[in-house]
C-alpha cells in the first residue's frame, strides 16, 4: 500500500508535505513500541478502508484519486 504514495511523491514532489501529513494522521497508536518502529497505519485499518471505498480489501486506489484525496485531506487540516 506504500507504493502508490511513493509513486505520487515522485510524480508530484510538491505533494510531499501533504503526503507526510496524511501519513502521520493515519499512523497506528503506539507505533514506536512495535516493530518495524515506523509510523505506519495498521494493516487491518487499511484493508477496511479499501474494502469500504472499493469493495475489495486488496484494492489499490488510482493515482488521480489518491492525489485528490491527499489534496483534500491537506485542505481539511488547514481548515480551508
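The values are calculated or read from the model by the stated rules, or taken from the named source; none is laboratory data. As the structure is a computational prediction, the values presented were derived from the model and not from experiment. Neighbour counts run over all protein chains shown; Cβ positions are idealised from the backbone, glycine included.
Looking across segment 1-33 at every residue that is surrounded by fewer than 12 Cβ atoms within 10 Å (Cβ to Cβ) and either assigned to a loop (DSSP other than H, G, I, E, B) or on the phi > 0 side of the Ramachandran plot (or both), the one that is nearest to the chain's Cα centre (by Cα) is identified as 2. For segment 34-51, filtering for residues that are surrounded by 15 or more Cβ atoms within 10 Å (Cβ to Cβ) and either assigned to a loop (DSSP other than H, G, I, E, B) or touching a helix residue (DSSP H, G or I) at 6+ places or on another chain (Cβ under 6 Å) (or both) leaves 2. Return the total of residues in segment 52-65 being outside any loop (DSSP other than H, G, I, E, B) and modelled with pLDDT of 90 or more. Matching residues across segment 52-65 total 5.
What tally of residues in segment 66-80 results from selecting those that are more than 13 Å from the chain's Cα centre (by Cα) and part of a helix (DSSP H, G or I)?
If we filter segment 66-80 for residues that are more than 13 Å from the chain's Cα centre (by Cα), which is where we start, we get 75-80.
Add one more test, that the residue is part of a helix (DSSP H, G or I), and what stays is 75-78.
Count: 4.
Residue count for segment 52-62, restricted to those that are within 18 Å of residue 16 (Cα to Cα) and surrounded by 14 or more Cβ atoms within 10 Å (Cβ to Cβ): 1.
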